Amino acid sequence: PPLNRIISLADLEDVAKQVLSYRAWAYYCSAADDEISMQENARAFNRFFFKARVMRPVSKCDPSTRILGFETTLPIFVSGAALAKLGHPQGEVNITKGCAPSKIIQMVSSNASFSYAEIAAASSPSQTLFFQLYKHKDDATALKRIREVEQLGYKAIFLTVDAIVPSNRERDVRSPWVLDDQETGIKVYNDGEGAADSDPGLGVAGALIVNDDRDMTWEKTIPWLRSVTKLPIVIKGIQCVEDAILAAEAKVDGILLSNHGGRQLEYSLPPLEVLYRLRMQQQHIFNKLEVYIDGGIRRGTDVVKAVCLGATAVGLGRPFLYAQSAYGEVGVRKLISILEREIVTTMRLMGAAKIAELTPDMVERVNWHPV
Ligand code: FNR
């Protein structure tokens, strides 16, 4: 359908499902086991309702904010996802170019299908890129990658900690694949390793998660990372309040509450629920570091709920892959403009003219589960 018929993120996903190869769709949409965490990530938002305030001036409404000090026009960012070329020849570059006008920040995956240099080269000078790090088990190899992205001007390191081993993604497993795939010709930039050791029986995920450090600890890994780079450090994949506290003690700059879009530990709590618990139990944490969530965010209302509960911003993974698969760079711009309209409408109807006016007392968690 023509782009002007697309009015929601669900529409973009529908088009992506039609245009993607079976393999690409299986890799993008799949999640662990019975995909319960993935479904609940989205459904969790149904339990949170707004307590809107009226009679407040909202003709001027500004949804812009900062992430780690970097400007963004909306409290959203691109969560790093591997292999955007599976969906469109311009892959990650579609996302980079599509984000440029709105200054939406792109977190580039360690397993991107363009090189980190090609993605940086496609960005505009005023654009911010973050880097998602899968830490190689060999520190020296990990360090090489960190130096490369520092030199390319990436502005933060998001260290992913929830994917140290491949999980069971059955849709993906049913679509065998190895790195440096001959049929698609797509190369993944994961330190040039993996392919030889990868097990085609584990699908794409099994091919990608091979050389990751399985023995990371708070005591060793964070001080090491801190000692080798001055970039802000964010831990991606925090799944409970206890680890959020440890992250604050480790003095990282941020935490991304995430269960990898339900793709890793099945029955990991929905990130919105973890955010809610963190807000209720450990309010002071929010003064020590920035908190983000990702997983299941598909509407402006979802974004606003998370921001009310204290998230600086939220990440979206699959929606950006789907948008660029369906329409390339303009699909990415479309996704952002849809979310902007939805966020601004929600803020106005809640009586909030800027992000700072979105507060925890404006959402209520209900204990009945609608739909
Ligand atoms: C991911 N995700 C991910 N995370 C990461 O740290 N490194 C990676 O390479 C990838 N790759 C990846 C591929 C695909 C196809 C998906 C769908 C996801 C997880 C991603 O960063 C994010 O946490 C989730 O996608 C968020 O959930 P939603 O927005 O997809 O529901």
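The values are calculated or read from the model by the stated rules, or taken from the named source; none is laboratory data. Only a predicted model underlies this, so the values are computations on that prediction, with no experimental measurement involved. Methodologically, a virtual Cβ is constructed for each residue, glycine included, from the backbone with ideal geometry; neighbour enumeration extends over all protein chains shown.
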What do you reckon, is residue 56 in contact with a Gly (Cβ under 8 Å, 6 or more places away or on another chain) and either surrounded by 14 or more Cβ atoms within 10 Å (Cβ to Cβ) or modelled with pLDDT of 95 or more (or both)? yes
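A quick yes/no check of all residues on (1) within 18 Å of the chain's Cα centre (by Cα); (2) part of a loop (DSSP other than H, G, I, E, B); (3) acidic (Asp, Glu):
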{"residue": "17", "(1), (2), (3)": "no, no, no"}
{"residue": "31", "(1), (2), (3)": "yes, yes, no"}
{"residue": "38", "(1), (2), (3)": "yes, no, no"}
{"residue": "54", "(1), (2), (3)": "no, yes, no"}
{"residue": "92", "(1), (2), (3)": "yes, no, yes"}
{"residue": "98", "(1), (2), (3)": "yes, no, no"}
{"residue": "107", "(1), (2), (3)": "yes, no, no"}
{"residue": "111", "(1), (2), (3)": "yes, yes, no"}
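Counting just the residues of region 131-177 that are touching a Lys or Arg at 6+ places or on another chain (Cβ under 6 Å) and part of a strand (DSSP E or B), which one comes out nearest to the ligand (Cβ to nearest atom)? Talk me through it step by step, then tell me what you get.
Within region 131-177, the first condition is being touching a Lys or Arg at 6+ places or on another chain (Cβ under 6 Å), and the residues that meet it are 142, 158, 160, 164, 175.
Within this subset, residues satisfying the condition of being part of a strand (DSSP E or B) are 158, 160.
Working: 158: 7, 160: 4 Å.
So the residue we want is 160.
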Of (1) more than 15 Å from the ligand (Cβ to nearest atom); (2) touching a residue at least 60 places away in the same chain (Cβ under 8 Å), residue 321 satisfies every one except (1)
Give the residues of region 193-222 that are at pLDDT 80 or above and either in a helix (DSSP H, G or I) or not hydrophobic (A, V, I, L, M, F, W, C) (or both), sorted by residue number. 211, 212, 213, 214, 215, 217, 219, 220, 221, 222
Any residue that is charged (D, E, K, R) and over 12 Å from residue 75 (Cα atoms) - is there at least one of those in region 300-316? no
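Which of the residues that make up region 225-263 are part of a helix (DSSP H, G or I) and over 18 Å from residue 134 (Cα atoms)? Let's see the steps before the verdict.
Of the residues in region 225-263, the ones part of a helix (DSSP H, G or I) are 225-228, 241-249, 260-262.
If the condition is that a residue be part of a helix (DSSP H, G or I) and over 18 Å from residue 134 (Cα atoms), then 241, 242, 243, 244, 245, 246, 248, 249 are the ones that fit.
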Give me a count of the residues in region 207-232 that are free of Cβ contacts under 8 Å to residues at least 60 places away in the same chain and charged (D, E, K, R). 4
Residue 259 is checked against (1) more than 21 Å from residue 218 (Cα to Cα); (2) surrounded by 24 or more Cβ atoms within 10 Å (Cβ to Cβ) and fails just one. What number does that condition carry? (1)
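Would you point out the residue of region 327-371, among those that are part of a helix (DSSP H, G or I) and touching a strand residue (DSSP E or B) at 6+ places or on another chain (Cβ under 7 Å), that is nearest to residue 302 (Cα to Cα)?
Of region 327-371, the ones part of a helix (DSSP H, G or I) are 327-350, 355-357, 360-362.
Next, only the ones that are touching a strand residue (DSSP E or B) at 6+ places or on another chain (Cβ under 7 Å) stay: 339, 350, 355, 362.
Details: 339: 10, 350: 14, 355: 14, 362: 13 Å.
In this case the residue turns out to be 339.
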Select from region 284-297 the residues that are more than 13 Å from residue 77 (Cα to Cα) and either within 12 Å of the ligand (Cβ to nearest atom) or among the hydroxyl-bearing types (Ser, Thr, Tyr) (or both) and list them in ascending order. 296
Among (1) under 21 Å from residue 50 (Cα atoms); (2) out of contact with any Gly (no Cβ under 6 Å at 6 or more places or on another chain); (3) more than 15 Å from the ligand (Cβ to nearest atom) - the single one residue 328 does not satisfy: (1)
Report yes if some residue within region 239-251 is within 23 Å of residue 313 (Cβ to Cβ), crowded, with 20+ Cβ neighbours inside 10 Å and touching an Asp or Glu at 6+ places or on another chain (Cβ under 8 Å); otherwise report no. yes
For a quick check of your reading of the model, give me the residue pairs whose first member lies in region 159-174 and is more than 14 Å from residue 212 (Cα to Cα), whose second is in a loop (DSSP other than H, G, I, E, B), with beta-carbon atoms closer than 7 Å and at least 6 apart or on different chains. 168/32; 168/33; 169/30; 169/31; 169/32; 169/263; 171/30; 172/30
Criterion violated by residue 293 - all others in (1) more than 13 Å from the chain's Cα centre (by Cα); (2) free of Cβ contacts under 8 Å to residues at least 60 places away in the same chain satisfied: (1)
Going through region 227-238 one residue at a time, which ones are on the phi < 0 side of the Ramachandran plot and either in contact with a His (Cβ under 7 Å, 6 or more places away or on another chain) or buried (at least 17 other Cβ atoms within 10 Å of the Cβ) (or both)? 229, 231, 232, 233, 234, 235, 236, 238
Selection count where residues are surrounded by fewer than 20 Cβ atoms within 10 Å (Cβ to Cβ) and either of a type in the set (S, T, N, Q) or within 23 Å of the chain's Cα centre (by Cα) (or both), scope region 356-371: 4
Pull out all pairs, ordered by first then second residue, where Cβ-Cβ is under 6 Å, the residues are six or more apart or on different chains, the first lies in region 107-134 and is under 22 Å from residue 225 (Cβ atoms), and the second is aromatic (Phe, Trp, Tyr) and more than 13 Å from the ligand (Cβ to nearest atom). 128/70; 129/154; 131/154
Please verify whether region 147-167 includes one or more residues that are charged (D, E, K, R), over 23 Å from residue 315 (Cα atoms) and at pLDDT 95 or above. yes
Among (1) of a type in the set (Ser, Thr, Tyr); (2) away from the ligand (no atom under 12 Å from the Cβ); (3) within 29 Å of residue 347 (Cβ to Cβ) - the single one residue 267 does not satisfy: (3)
